[in-house]
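What follows is a single structure, written as structure tokens, with notes after it.
The values are calculated or read from the model by the stated rules, or taken from the named source; none is laboratory data. Since the structure is predicted, the reported quantities are computational estimates derived from the model, not experimental observations. Heads up, the Cβs are rebuilt from the backbone with ideal geometry, glycines too, and the neighbour counts pull from every protein chain shown. In case anyone asks, the SASA skips ligands and DNA or RNA and just uses the protein heavy atoms, side chains included. Shrake-Rupley method; radii C 1.70, N 1.55, O 1.52, S 1.80 Å.
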Amino acid sequence: TTTLARSKEIRRSTEKLVTLAKKGGLANRRLLISRLNDIEVANLLMDVIAPQVKRDSGYLKIEDAGLRRGDNSEMATISFVDDIELKEEA
């Protein structure tokens, strides 16, 4: 759960990363590692999450979560459209 503006920016950058992971290959894996600065997260995205995504685009959805108490900024929840299971493979 985050602000609406931040969730729109997260969706924009995350969908590009998922598209890279779906294409596969060593060059795209190295691009993911350089953009995420974390080898484990890049491997998780490429090996576990990307094969479970069945779509060509539009991987994430943004749902309204009301207004934040205090400054009344619009809040939103961001999640994958498809059901993703994050179990570790041996």
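The figures follow:
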quantity: Integer Hz, Karplus 6.51/-1.76/1.60 couplings in order for the range 26-31, x for Gly and Pro; calculated: 5, 5, 5, 5, 5, 5
quantity: Average accessible area per residue (Å²) across the chain - probe 1.4 Å, nucleic acids and ligands excluded; calculated: 71 Å²
quantity: Cβ-derived FRET efficiency at R0 25 Å, LYS87 paired with GLU15, nearest 0.05; calculated: 0.60
quantity: From phi via Karplus (6.51, -1.76, 1.60), per-residue ³J(HN,Hα) for the range 9-19 in Hz, x at Gly/Pro; calculated: 6, 4, 4, 4, 7, 5, 5, 5, 5, 5, 4
quantity: Hydrodynamic radius (Kirkwood) for the chain, which is based on Cα pairs only, to one decimal in Å; calculated: 14.2 Å
quantity: Relative pair counts by distance (%), Cα atoms of the range 18-69, 10 Å bins; calculated: 24, 43, 19, 13, 1
quantity: The range 13-90, accessible surface, carbon-and-sulfur percent (1.4 angstrom probe); calculated: 49 percent
quantity: 222 nm mean residue ellipticity, helices alone, for the chain (DSSP H n ≥ 4; -39,500 (n - 2.57); rounded to 500); calculated: -13000 deg cm²/dmol
quantity: Computed FRET value (nearest 0.05) for ASN37 with LEU4, which takes r as the C-beta separation and R₀ as 22 Å; calculated: 0.25
quantity: Per-peptide average of other Cβ atoms within 10 Å, ordering 36-48, 74-86 highest first; calculated: 36-48, 74-86
